[in-house]
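So the structure is just underneath, and the comments pick up after that.
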Amino acid sequence: MSATEPVRAGNHTAETEFILLGFGRGLWMEMFPFVMFLVIYIITMLGNTTLVLIIGTDSQLHTPMYFFLMNLSLLDLGNSSSIAPRAMVSFLSGSKAISYNGCATQFFFVTFFLTTEGFLLAAMAYDRYSAIRNPLRYPITMSKWVCIWLVVGSYICGCANSMVQTGFTFTLLFCGSNEMDHFFCDGPPLISLSCSDTFVNNFVMFTVCGLIIVSTALITLVSYVYIISTILRIHSAEGRHRAFSTCTSHLVVVTLFYVSTALMYAQPTRLAFLYPRKVVSVFYTLFAPMLNPFIYSLRNKDVKDALRRTMSKKCLKK
């Protein structure tokens, strides 16, 4: 049975579409989210696209750290684009229906982008560890091919988890209510709509997501333990400040990412009522991708200098 084909369960026909309830009905409950999502999405697109173009075109930023940062921006662009446009159409038109195939596709890409970002953030932590712990060997430790394989590996792991989660979720029977109390197709609300036994699905989601979050967070934590211990041994105050400044932005992004995703996926379903899922979802799917380029660029002298060089070149051409 295909994961995207409607099925029959006894005398009930399985759902061929879902209704995304969003934030409720009424002019205020639809127009306010639309305006908010539109503003966030425009800022996200401008910020991340600018960062990708600056890193891609400025040769002085062709280093491992900025190679990872460029891929992070690409993932943020993909994650926001897989959610915000569809949600805005729903808010504006009032049509909250999404097809079974459309829901499966959106679920796959959201899971893919989020999982890949988790592994990429762990790779970025290892990069900072290599740069600070043993700077003389850094060009060898983080060679071009090592960086490429770390990024490719992150995408492969993201795709693998997305295929597993999508396969398990969309082989469930959906033959009862098709109203999903969310603004996009996500795992926990989808599983709650199923008329099948969802024990295995809940176990797989909790276990796999928990392992991914714990393993990548552990890599990040161990890297920063070594980073901080190394920085504290630097005698120069200026040297300590410079070393800390290269890690602070990444640490902020990592903290925002892991706290929000852990609240959503790495806990048993029965505890879901302890916090508003939709609020947390807005944060890690829309706000975080919007904030990431500003967290990095506003605190990063190299990025600001590259932006000035780019703007100067454009002014000279005129």
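The values are calculated or read from the model by the stated rules, or taken from the named source; none is laboratory data. Everything quoted here is computed from the prediction, not taken from an experiment. Neighbour counts are summed over all protein chains in view; Cβ atoms, including those assigned to glycine, are modelled from backbone coordinates with ideal geometry. With ligands, DNA and RNA removed, areas are computed over all heavy atoms of the protein, side chains included. Shrake-Rupley method; radii C 1.70, N 1.55, O 1.52, S 1.80 Å.
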Legend entry - In Hz, Karplus ³J(HN,Hα) per residue of segment 84-93 (6.51, -1.76, 1.60; θ = phi - 60°; x = Gly, Pro): 4, x, 4, 5, 5, 4, 4, 5, 6, 8
Legend entry - Residues Thr57 and Ala97, FRET efficiency given R0 of 51 Å [Cβ-Cβ distance, rounded to 0.05]: 0.75
Inset, instruction - Quick one: which residues, 5 or more positions from Glu17 or on another chain, have an amide H under 5 Å from its amide H? H modelled 1.01 Å from N in the peptide plane, none for Pro or chain starts. - result: Tyr100
Inset, instruction - Using only the Cα atoms, work out Rg/Rh for segment 18-118, with Rh taken as the Kirkwood radius, to two decimals. - result: 1.08
Inset, instruction - Enter the per residue convex hull volume of segment 138-216, computed from alpha-carbon coordinates, in Å³ rounded to the nearest integer. - result: 104
Inset, instruction - Could you order Lys278, Lys301, Lys96 by accessible surface area, starting with the largest, using a probe radius of 1.4 Å? - result: Lys301, Lys278, Lys96
Legend entry - Where the Cα pairs of segment 194-267 fall when distances are cut into 5 Å bins, in %: 3, 14, 18, 17, 13, 10, 8, 6, 4, 3, 2, 1, 0
Inset, instruction - Convert 4 °C to kelvin, take the viscosity as 1.567 mPa s, use the Kirkwood radius over C-alpha pairs of segment 118-171 as Rh, and evaluate the Stokes-Einstein diffusion coefficient in µm²/s, rounded to a whole number. - result: 103
Inset, instruction - For every helix of n ≥ 4 consecutive DSSP H residues, a contribution of -39,500 (n - 2.57) applies; sum these over the chain, divide by its total residues, and give [θ] at 222 nm rounded to the nearest 500 deg cm²/dmol. - result: -24000 deg cm²/dmol
Inset, instruction - Relative to the compact-globule scaling 2.2 N^0.38 Å, provide the ratio for the alpha-carbon radius of gyration of the chain. - result: 1.09
Inset, instruction - Calculate, in nm to one decimal, what Arg308 and Arg242 gain on full extension: separation in residues at 0.36 nm each, minus their alpha carbon distance. - result: 21.7 nm
Inset, instruction - Tell me the Kirkwood hydrodynamic radius of segment 96-227 in angstroms, computed as one over the mean inverse distance between distinct C-alpha pairs. - result: 16.6
Legend entry - Heavy atoms of Cys159: accessible area, 1.4 Å probe, square angstrom to 10: 50
Inset, instruction - Report the residue, chosen from Pro135, Pro188, Pro85, that carries the largest GNM mean-square fluctuation when the chain is represented by alpha-carbon nodes joined by springs under 10 Å. - result: Pro135
Legend entry - Largest-first principal axis extents of the Cα set of segment 65-105 (Å): 43, 22, 5
Legend entry - Cα pair count fraction exceeding 16 Å, expressed as % - segment 56-165: 65
Legend entry - Environment charge of Phe119, counting only residues whose C-beta is closer than 15 Å and scoring Lys/Arg +1, Asp/Glu -1: -3
